[in-house]
Amino acid sequence: MPKRLNDRRGRFSPPAVVFALLVLATLGAFAYSQRVKRDPLVLDRVEFFAPPHRKGTEKVRSFTPDGDCRRDRIRIEFRTTVSDHGVVQVIKPGGRVVITLARDTFLKRYTEHVYFWDGRRRGGGTAHPGRYKLRVRLGSERTLVTPGVIKLHRARKGAKSRCGTTGGPGGLTPGAKP
């Protein structure tokens, strides 16, 4: 009896099926990434600097809450491109909350939002020296951690501010002028 030629016609080998699925998944991932790239930024114009800042001078991007009335707090500025209620927090790089600057506040789109942090952590006391991040939670869907870091330098032990802050608890002043 002679052999049948083309006995496997109409069937696909398992490696060919796996290869075809990988190609389709790659094309789908590429299309999705291109769509995400076209979406507008939700948070932009993020800046951290220690006031006072004069035009023409370089912005100091670190602060020392030591009570000498110079660079005792950091000014945090950002703009949102969508309107939503949000929570603004300073966090450690691992994600632990150091202090909440604003809770359930309305962040209007295309508006500069300004907050000040005097280095205090929730529960009192000065935060440890190091690098911190800003996290903004918009609604229940989006949690955004901003690029850049807030640098907190070591303060003298037991330093109390002799400067009059106009802020609320922790010297936090949303939207106030330095």
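The values are calculated or read from the model by the stated rules, or taken from the named source; none is laboratory data. Fair warning: this is a prediction, and the values are worked out from it, not measured in the lab. As a convention, Cβ positions derive from the backbone with ideal geometry for all residues, glycine included, and neighbour counts pool all protein chains shown.
Taking the stated definitions as given, is T80 surrounded by fewer than 17 Cβ atoms within 10 Å (Cβ to Cβ), in contact with a strand residue (DSSP E or B) (Cβ under 8 Å, 6 or more places away or on another chain) and either within 26 Å of V42 (Cβ to Cβ) or modelled with pLDDT under 90 (or both)? Judged against the criteria, T80 is not a match. The requirement of being farther than 30 Å from S140 by Cβ and surrounded by 17 or more Cβ atoms within 10 Å (Cβ to Cβ) is not satisfied by P52.
Has segment 22-41 got at least one residue that is surrounded by 10 or more Cβ atoms within 10 Å (Cβ to Cβ), of a type outside the set (G, A, S) and modelled with pLDDT under 85? Looking through segment 22-41, at least one residue is surrounded by 10 or more Cβ atoms within 10 Å (Cβ to Cβ), of a type outside the set (G, A, S) and modelled with pLDDT under 85. The residues in segment 127-145 that are surrounded by fewer than 18 Cβ atoms within 10 Å (Cβ to Cβ) and either hydroxyl-bearing (S, T, Y) or farther than 16 Å from D84 by Cβ (or both) can be counted, and the count is 7.
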